[in-house]
Amino acid sequence: MNKGDLINSVSEVLGTKKDAQKAVDCVFETIKQALVDSDSVTLVGFGTFKSVAREARKGRNPQTGKEIQIAARNVPKFVPGKALKEAIN
């Protein structure tokens, strides 16, 4: 499923594709803004989105074999909730 499929699915509930696209975009933008602000977003029964700091580390260029330094950065992380894990299994 991609974003277009998700919008089509939501439009079946909301009635119009335009309203569904606004709703989906709003949810994604809200989650993104919370992660930018270093907040976590917990959706009970689904999971938690959070921002995690990744330390700087050494890596290797696979083409040349030369060692490189990879900078520290924040990355998004999703931790599935118990209900979602059980639904999949």
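Every number here is computed from the coordinates shown, using simple stated rules; none is lab data. Being a predicted model, the structure only gives us computed values, none of them experimental. A quick note on method: Cβ atoms are made from the backbone with ideal geometry, for glycine too, and the neighbour counts reach across all protein chains shown.
Computed from Cα atoms, the angle from the helix 17-36 axis to the main principal axis of the chain rounds to 30 degrees. Once the Cβ-Cβ distance between Ala87 and Ala23 is put in as r, and R0 is 22 Å, what FRET efficiency do you end up with, to the nearest 0.05? The pair Ala87/Ala23 has a calculated efficiency of 0.45. Each Cα pair under 8 Å and six or more residues apart adds its sequence gap; the mean of these over the residue count of the chain is a relative contact order of 21 percent. With a cut-off of 13 Å between beta carbons, the residues surrounding Thr48 carry a summed charge of +3, where Lys and Arg count +1 and Asp and Glu -1. Counting lysine pairs in segment 3-84 that sit 8 or more residues apart in sequence, or on different chains, and whose Cα atoms lie under 28 Å apart gives 20. Helix 3-14: angle to the longest alpha-carbon principal axis of the chain, degrees 0 to 90, nearest 10? It works out to around 30 degrees.
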